[in-house]
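Structure record follows, encoded as structure tokens.
The values are calculated or read from the model by the stated rules, or taken from the named source; none is laboratory data. Everything numeric here is computed off the predicted structure, so don't read it as measured data. Positions of Cβ are generated from backbone atoms using ideal geometry, with glycine treated the same way; all protein chains shown enter the neighbour counts. For the accessible areas, the whole protein counts, side chains as well, though only heavy atoms, and no ligand, DNA or RNA atoms are used. Shrake-Rupley method; radii C 1.70, N 1.55, O 1.52, S 1.80 Å.
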Amino acid sequence: MKRKTAFITGASHGIGRAIAETFAQAGYALAINCRTSEAELKSLAEELSVSCHISCLPLVGDASHEPFIKNAFQTIQKELGPVDVLVNNAGISHIGLLTDMSLEEWNRIIQVNLTSLFCCCKHAIPSMIHNKSGAILNISSVWGNTGASMEVAYSASKGGVNSFTKALAKELAPSNITVNAIACGLIDTRMNHCFSREECQQLSEEIPAGRFGTPKEAADLALSLVNAPSYLTGQIIALDGGWQ
């Protein structure tokens, strides 16, 4: 039986790296992507290839740049076969007042967090439709549901991810392709290392679970969702320790 192939964006560290490790351990062939952390990505690809006995293809480039993504899918098709699972994890944050934000900063948040979904889904969907199967999983945020002060652009982009997920799920359900999202709360990743120890303590006290989540918990949920029955689609699953 042919191994299933997963393409994971933003995979050099944090949640994306944990998802790559978890999927590799489950026997998936992988294509993993990042934009700038080339050494980390290639090291991870080599590590997973050896430890999990899978093919792991590193692809360095901007997931919101359609020519790169078009070429990436052609390379994946040639090296690994069609993509069975797409995990859109690439994302960046921005903390600050909206009035202090430049148009360039706004556009970059939207491009990385939302336009990348369009590019990747556009090129993943045709083979999934042909095979009448597939799973798309988008990594979102609780701020896409509720919004966050000082994170207007980030919240807007993740709200877009949630609506994108629900709409595309309806479009692809007749083809037996699922589209879901994980709305992450505070996960212990590099993105949240901007907080001081005191701020982290205060935030942990606000969370009913009393702690930040781990990348491994997000990865385990990701694997569960792409392997769930196809009737589970169009859902935004919160992973936030009961916070929001």
Exercise. Residues of the range 173-210 being of a type in the set (Gly, Ala, Ser), modelled with pLDDT of 95 or more and either within 15 Å of residue 239 (Cα to Cα) or open to solvent by 70 Å² or more (accessible area, probe 1.4 Å) (or both), which ones?
Worked result: 181, 183
For this session: Could you please find all residues in the range 143-159 being of a type outside the set (Val, Ile, Thr) and surrounded by 18 or more Cβ atoms within 10 Å (Cβ to Cβ)?
Result: 143, 144, 151, 153, 154, 155, 156, 157, 158, 159
For this session: Select from the range 1-36 the residues that are surrounded by fewer than 17 Cβ atoms within 10 Å (Cβ to Cβ), of a type outside the set (A, V, I, L, M) and not in a helix (DSSP H, G or I) and write down the one among them that is farthest from the chain's Cα centre (by Cα).
Result: 2
Exercise. Quick one: is residue 60 open to solvent by 40 Å² or more (accessible area, probe 1.4 Å), modelled with pLDDT of 95 or more, among the hydrophobic types (A, V, I, L, M, F, W, C) and touching a strand residue (DSSP E or B) at 6+ places or on another chain (Cβ under 9 Å)?
Worked result: yes
Seminar exercise, completed: Within the range 78-100, residues hydrophobic (A, V, I, L, M, F, W, C), in a loop (DSSP other than H, G, I, E, B) and surrounded by 15 or more Cβ atoms within 10 Å (Cβ to Cβ) come out as 80, 83, 90, 92
